[in-house]
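To start, the structure itself, in structure tokens.
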Protein chains: 2
Amino acid sequence: MKNMAILSIFFLLLTSCLKQAENNQVEVVAKDTITTSVDPLPSWNEGVTKDAIINYVEDVTKKESDNYIPEIDRIATFDNDGTLWSEQPAYFQLFFAIDRVKAMAKDHPEWKNKQPFKAVLENDINSLMASGEKGLMELIMKTHAGITTDEFEKLVTDWLATAKHPRFNKPYNELIYQPMLELLDYLRANQFKTFIVSGGGIEFMRPWVEEAYGIPKDQVVGSSIATEYDYNNGAPVIRRLSKIDFIDDKAGKPVGINKFIGRKPVFASGNSDGDLQMMQWTDSNSYKSFQIYVHHTDTEREWAYDRESHIGQFNKGLDEASEKGWTVIDMKNDWKIIYPFELEQ
Amino acid sequence: MKNMAILSIFFLLLTSCLKQAENNQVEVVAKDTITTSVDPLPSWNEGVTKDAIINYVEDVTKKESDNYIPEIDRIATFDNDGTLWSEQPAYFQLFFAIDRVKAMAKDHPEWKNKQPFKAVLENDINSLMASGEKGLMELIMKTHAGITTDEFEKLVTDWLATAKHPRFNKPYNELIYQPMLELLDYLRANQFKTFIVSGGGIEFMRPWVEEAYGIPKDQVVGSSIATEYDYNNGAPVIRRLSKIDFIDDKAGKPVGINKFIGRKPVFASGNSDGDLQMMQWTDSNSYKSFQIYVHHTDTEREWAYDRESHIGQFNKGLDEASEKGWTVIDMKNDWKIIYPFELEQ
């Protein structure tokens, strides 16, 4: 079952966008560029979605409100892929794994004739998919394990500084959503503690989320592989092992929230069926809670996908949101801009 | 190995202090009673220990210092048992388990003749110890698993509101160390983020640590059992399973720190060999770091134990502290008072 979840996370390479990365510096994302003291959500168009957010926050933070929530209980959880940054044409972590295989290939001449590595090196998607669950687990373990946590952090940081997204030709960590940055800031300004709760790798996210989202490393929940402490003759390291520790997806999200945060959220945001259990869990809070789904409806500026998508499938969640009255962001109509770099144009 | 660790945590009932709890209200601990604007550590006697703490904090928080540490990197981790509250004559969580067995016994008539429950019900320590690792695992699972997280939280809260420590006849959560409360406050006033990193159960600590120590639930790292999400026909719960998930002790502490916090501490405090790897890990920080061990030296006001103790053994840690120049608190001489309730006398 764990492997199936990994499969659902990674086995999603639908395009041949295997363009090799170029060497370039990451520009610092100007996340606060357009916040003003008047409108906390300037990149959101006026309408029911924006009103719903503001009405909720004002309601639960007013001391005299029947729905007042003490500060300590103001926990807000955000999915990452497809909720805080893009996830097309494949999860960005998969691009990282593919780039790792290519970078490591010179030390692994045997990969030229060994699947799934051969498929990656030849940009051969059909063979990669044919390598199945076993092949993909091997791909993940070879590229994510067998090194120390410090070494892995450096790999991620270096990759972000050089790799570019195939469609936008921008560093991956610039493909974050400006309206969501404003939402995070707005919640924090109202004493919500903001967390990431993502199916993505916890150690893949931690190196860059502080700068990108203003969320500290210890407020990141994600999938993980097992690790072990090694005293290493007085120069201690933590080694990443070839073994899954935890999959933070679907029913794993409430489990991860309970384990890492220890308190039920009052505010949750996601974009796919993988977030549905987190939404349900939040919805069961005895405090007034708020659920907000990002619906990808903008082919031109981002992507449009939902019920049939192999990445970020949004089917059961869309039905349950409608049934339970959760807020659904219509990206095309609710967001004035998508990415921070649009502000500079 | 995991079971051995559990064993080392729980198999430590050395006395027959199995006194049944009485019904009484917990008094709110007046943790800030004696802090002043002049002396941040008023319950600490003047001397090398207090000086070492203050010198460190002043050094690393001064912008112009060579040892300046940015706020985001000011992570301070504290063991709980024996470091923030007492752990004698047995870990307080074991008293909880024993009281649970007694409370549950009426629904389990078979326990009268079944070990390890029979031993607990008869206050028969020898037989309890003879039940071995298997018996103790059974004791833990019967008293800590098979219920929802909400139910478990209520059990812990109710227990703290009624149970009394056999020696002091006080609620267990009043046996916290006033000097350490001041240290926590002092660090936070200097923008350190304070965490608990304990071998104790994470869900046993979370219900009361916020009030006791001012540490939010999401800043608690501890041992855990596996859990599972259950939609439960629209009233979702998280169920506690009869399976160990993680043991946050010894080499597990750096692993837990990496998993939950994602950043190496600069300040660590413990009291036993179970904290040694956390100390080593912190000591390997490229920032100037600080390690401080609580040495239990006060038979009169608390307890005195170290190298030979079955609870909180402090042997390798004592040697390594001396070798590496870590700070060791001499409880008897460094602390003016031990518990907050002494202030009221």
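The values are calculated or read from the model by the stated rules, or taken from the named source; none is laboratory data. Note that the coordinates shown come from a computational prediction; the quantities given were computed from them, not determined experimentally. Cβ sites come from the backbone with ideal geometry, for glycine too, and all protein chains shown count toward neighbours. All accessible areas refer to the heavy atoms of the entire protein, side chains included, with ligands and DNA or RNA removed. Shrake-Rupley method; radii C 1.70, N 1.55, O 1.52, S 1.80 Å.
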Burial of 30 Å² or greater, the stretch B:212-231 residues [accessible area, probe 1.4 Å, versus chain by itself]: B:K217, B:D218, B:T227, B:Y229, B:Y231
Residues with amide H under 5 Å from that of A:V294, placed H, sequence gap 5 or more: A:G270, A:N271, A:I329
Sorting from shortest, the nanometre distances separating the label point of B:G325 (7 Å past Cα along the line to Cβ) from those of the same residue in the other copies are 6.5
Which ³J(HN,Hα) values in Hz, rounded to whole numbers, follow from the phi angles of the stretch B:75-87 under the Karplus curve 6.51 cos²θ - 1.76 cosθ + 1.60, where θ = phi - 60° and Gly and Pro get x? 9, 10, 10, 10, 4, 9, 5, x, 10, 10, 9, 6, 9
Please give the length that would be gained between A:K114 and A:S242 if that part of the chain were fully extended, namely 0.36 nm times their separation in residues minus their C-alpha to C-alpha distance (nm, one decimal). 44.2 nm
Label points 7 Å out from Cα along the Cβ direction at B:Y231 and B:S284: separation in nm? 4.4
Once R0 is set to 30 Å, what does the formula 1/(1 + (r/R0)^6) return for the Cβ-Cβ distance between B:E342 and B:E71, expressed as a FRET efficiency to the nearest 0.05? 0.35
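Taking all pairs of different Cα atoms in the stretch B:98-185, averaging 1/r and flipping that mean, what Kirkwood radius in angstroms comes out?
One over the average 1/r among Cα pairs gives 14.9 Å for the stretch B:98-185.
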The protein assembly as shown: radius of gyration over Cα atoms, expressed as a fraction of 2.2 N^0.38 Å: 0.99
Just to confirm the numbers: A:E228, label point 7 angstrom along the Cα-Cβ line, distances to the other copies in nm, shortest first? 2.8
Report ³J(HN,Hα) in whole Hz for each residue of the stretch A:104-121, in order, from the Karplus equation J = 6.51 cos²θ - 1.76 cosθ + 1.60 where θ = phi - 60°; Gly and Pro get x. 8, 4, 5, 8, 9, x, 5, 5, 4, 10, 10, 7, x, 5, 3, 4, 5, 5
Environment charge of B:D150, counting only residues whose C-beta is closer than 13 Å and scoring Lys/Arg +1, Asp/Glu -1: +1
Using amide H atoms built 1.01 Å from N in the peptide plane, name the residues 5+ places from A:D245, or on other chains, whose amide H lies under 5 Å from its own. A:S224, A:I225, A:A226
How many lysine pairs does the stretch A:191-272 hold where the Cα atoms are under 21 Å apart and the two sit 8 or more places apart or on different chains? 12
For a test of the definition: using alpha carbon positions, the gyration tensor, and the 1.5 limit on a/c, classify the stretch A:189-324 as rounded, prolate or oblate. prolate
In sequence order, what are the phi-derived ³J(HN,Hα) couplings for the stretch A:330-343 according to the Karplus relation 6.51 cos²θ - 1.76 cosθ + 1.60 with θ = phi - 60°, rounded to whole Hz, with x for glycine and proline? 8, 3, 4, 9, 8, 10, 5, 10, 9, 9, x, 5, 5, 5
Mind checking how much accessible area B and A bury in total, 1.4 Å probe, in Å² rounded to 100? 3000
Checking the a/c ratio against 1.5 first, then a/b against b/c, what shape does the Cα gyration tensor give for the stretch A:118-261? oblate
Average accessible area per residue (Å²) across the protein assembly as shown - probe 1.4 Å, nucleic acids and ligands excluded: 39
Say a label goes 7 Å from Cα toward Cβ at A:E58 in every copy; what distances in nm does this one have to the rest, shortest first? 5.0
Share of carbon and sulfur in the accessible heavy-atom surface of the protein assembly as shown [1.4 Å probe, %]: 49
May I ask which residue of chain B has the beta-carbon nearest to the axis carrying chain B onto chain A, and at what distance in whole Å? B:F260, 3
Subtracting the Cα-Cα distance from 0.36 nm times the residue separation, let me have the gained length for B:R307 to B:S322 in nm, one decimal. 4.0 nm
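Would you mind getting me the FRET efficiency between B:E58 and B:D330? Use the beta-carbon distance for r and R0 = 30 Å, nearest 0.05.
With a Förster radius of 30 Å, E is 0.85.
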Tensor-based shape of the stretch B:173-256 (alpha-carbon gyration tensor, a/c under 1.5 rounded, otherwise prolate or oblate): prolate
Under 20 Å Cα to Cα from A:K114, which lysines show up? Leave out anything in the same chain fewer than 8 places away. A:K102, A:K106, A:K134, A:K142
The answer for A:W335, listing residues at least 5 apart or on another chain whose modeled amide H is closer than 5 Å to its amide H, is A:N45
